[in-house]
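Report on the following structure.
The values are calculated or read from the model by the stated rules, or taken from the named source; none is laboratory data. These numbers were taken from a predicted model, which means no experiment stands behind them. Cβ: placed from backbone, ideal geometry, glycine included. Neighbour counts: every protein chain shown.
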Amino acid sequence: MSETITKSYELAKERYAEIGVDTDKAINALKNVKLSIHCWQGDDVLGFLFPNQDLTGGISVSGNYPGRAKTADQLRKDLSEALSVIPGKHKVQLHSIYADTDEKVDLNELEPKHFQSWVDWAKQEGVGLDMNGTFFSHPKSASGFTLASADKEIRDFWIEVGKGSRKIAEYFGKELGQQSVNNFWIPDGYKDNPIDKLSPRLRLVESLDEILKEKIDEAYTIEAVEGKLFGTGVESYTVGSHEFYEAYALTRGKLWTIDAGHFHPTEDVSDKFSAFLPFGKGLMLHVSRPVRWDSDHVVIFDDALTRIARALVRDDLLDKTNIGLDFFDATINRLAAWVVGSRSTLKALLQAFLAPINDLKKAELEGNYTMRLAVTEELKSYPFGAVWDYYCQESGVPVGTEWLKEIVAYEKDVLLKR
Ligand SMILES: C[C@H](O)[C@H](O)[C@@H](O)C(=O)CO
Ligand SMILES: [Mn+2]
């Protein structure tokens, strides 16, 4: 325990108390937030089922940083190391391609038993597991179409993948005692202008409905559907657009996934939460960072992230929102990418909690926009860093840049020896 950190916290606590903010309460609120950390940052979205298969689906990872996880054991070890420097208890998102088995199984043959080792690991780590069926990086997606394909045989294959993913997610939920969100993202679309935009969407509705036909207890799993504006090589038309999935989620009682990297750059994704939730069951987020044509840079503590966190906290939407991460960068240490993205997301939430929200809402109702503007501006330079450091210290994780030393040591001892 560092005395300086504790003293700085006490001072910060006083400063916040002056404006009616209880820092201990903010820390407790943050403790209850579970991020869903995506496993695929650790191996460049390749998975372990098909070692020679390239990544497809209009997403790509650039970079060749040494130490990529090449087995499920390595990936779990890397995740454990990253989790050890991220405060709080979280979840990890898997994908079908991360099945851990010596059997030669195809995506449509996966069963819960192929994820047994992940569940054992999750129990040891005290983390939950979320799921994603994989609908890309496979010869049967080579045409650019999966669940919306005009070819029934192709569609049926992917329907089986979807059904299987639900069984796996149900198993995660049962074994780990917490709901597993099963996210559906498919890459289907056209590079150039299609003639018929409706038929693929009708086929997608039909395929999804077939996948969801079996009732599964929501205590164990619930599905989320993720739209996208465009992907690389799929620039003109995406079957699963935002409007499509928003409507699908609403009419089927499912979660809508909002990936922060999937919208037009001038859209503010945080403004969508309160527009959807009065009608929808809940949200899954893929917190990401779009940069020009790439939707998946490592998340940093920028304006877009701050707005996401503020929207969730100020409108009290955390109970209905699953905060997943989704980025991939192979130009830097892959564990550091997880840590930067996760810690930044938690920091943004903490800063959002550290505000006199009720007073600000009251001022707004009374038309006191002067106070609203003045206080929110001043809050930006309040000592939230001291509260964050204290939270890290209390949680037993490194404070400040100390975590980087641990990750660099791990790189030397483990990653560079792979
Ligand atoms: C690997 C993920 O499923 C993928 O990133 C998806 O969520 C996505 O965002 C595609 O652009
Ligand atoms: Mn995503």
List the strands (runs of 3 or more DSSP E) inside the range 284-354, counting only whole elements, that have at least 1 residues being surrounded by fewer than 19 Cβ atoms within 10 Å (Cβ to Cβ).
289-291, 294-297
Considering every residue within the range 255-269, establish whether at least one is over 22 Å from Asp302 (Cβ atoms), more than 15 Å from ligand 2 (Cβ to nearest atom) and in contact (Cβ under 8 Å) with a residue 12 or more places away in the chain.
no
For the structure I just gave you, tell me whether Val298 is within 16 Å of ligand 1 (Cβ to nearest atom) and closer than 25 Å to Glu218 by Cβ.
no
Do we find that Thr232 is over 20 Å from the mean Cα position of the chain (by Cα), within 28 Å of Trp338 (Cα to Cα) and of a type outside the set (D, E, K, R) in this structure?
yes
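Can you tell which of Arg372, Arg418 is surrounded by 14 or more Cβ atoms within 10 Å (Cβ to Cβ) and at pLDDT 95 or above?
Values: Arg418 fails: surrounded by 14 or more Cβ atoms within 10 Å (Cβ to Cβ).
Of the residues listed, the single one that is surrounded by 14 or more Cβ atoms within 10 Å (Cβ to Cβ) and at pLDDT 95 or above is Arg372.
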When you scan the range 13-35, do you find a residue that is within 16 Å of ligand 1 (Cβ to nearest atom), in contact with a His (Cβ under 7 Å, 6 or more places away or on another chain), touching a residue at least 12 places away in the same chain (Cβ under 8 Å) and not in a helix (DSSP H, G or I), even just one?
yes
Of those in the range 279-305 that are closer than 22 Å to Gln179 by Cβ and not small (Gly, Ala, Ser), the residue nearest to ligand 2 (Cβ to nearest atom) is His286
What pairs come up if the first residue lies in the range 283-296 and is free of Cβ contacts under 8 Å to residues at least 24 places away in the same chain, the second is within 9 Å of ligand 2 (Cβ to nearest atom) and not in a strand (DSSP E or B), and their beta carbons are under 9 Å apart, counting only those six or more places apart or on different chains?
Val291/Gly261
Return the pairs, sorted by first residue and then second, in which the second residue is aromatic (Phe, Trp, Tyr) and away from ligand 2 (no atom under 12 Å from the Cβ), the first residue lies in the range 172-188 and is under 12 Å from Lys91 (Cβ atoms), the beta carbons are less than 6 Å apart, and the residues are 6+ apart or on different chains.
Gly173/Tyr220; Ser180/Phe172
Restricting the first residue to the range 348-370 and requiring it to be closer than 17 Å to Leu312 by Cα, which pairs with a second residue that is basic (Lys, Arg) and surrounded by fewer than 18 Cβ atoms within 10 Å (Cβ to Cβ) meet a Cβ separation below 6 Å and a spacing of at least six or different chains?
Ile357/Arg314; Leu360/Arg372
Condition test on Phe279, is it loosely packed, with under 13 Cβ neighbours inside 10 Å and more than 15 Å from ligand 1 (Cβ to nearest atom)?
yes
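May I ask you to say which residue of Glu226, Glu218 is in contact (Cβ under 8 Å) with a residue 24 or more places away in the chain and more than 23 Å from Arg155 (Cβ to Cβ)?
On the way: Glu226 fails: more than 23 Å from Arg155 (Cβ to Cβ).
Only one candidate passes the filter, namely Glu218.
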Would you check which residues across the range 129-165 are over 18 Å from the mean Cα position of the chain (by Cα), touching a residue at least 12 places away in the same chain (Cβ under 8 Å) and in a helix (DSSP H, G or I) and list them?
Lys140, Ser141, Ile154, Arg155, Phe157, Trp158, Ile159, Glu160, Val161, Gly162, Lys163, Gly164
May I ask you to list the residues in the range 219-240 that are under 23 Å from His297 (Cβ atoms) and either in contact with a strand residue (DSSP E or B) (Cβ under 7 Å, 6 or more places away or on another chain) or within 13 Å of ligand 1 (Cβ to nearest atom) (or both)?
Ala224, Glu226, Gly227, Lys228, Leu229, Phe230, Gly231, Thr232, Gly233, Val234, Thr238, Gly240
Scanning the range 44-66 for residues that are crowded, with 20+ Cβ neighbours inside 10 Å and touching a helix residue (DSSP H, G or I) at 6+ places or on another chain (Cβ under 6 Å), the one nearest to Met131 (Cα to Cα) turns out to be Gly47
Give the residue that is nearest to ligand 1 (Cβ to nearest atom), with candidates limited to residues of the range 171-190 that are among the aliphatic types (A, V, I, L, M) and out of contact with any Asp or Glu (no Cβ under 6 Å at 6 or more places or on another chain).
Ile186
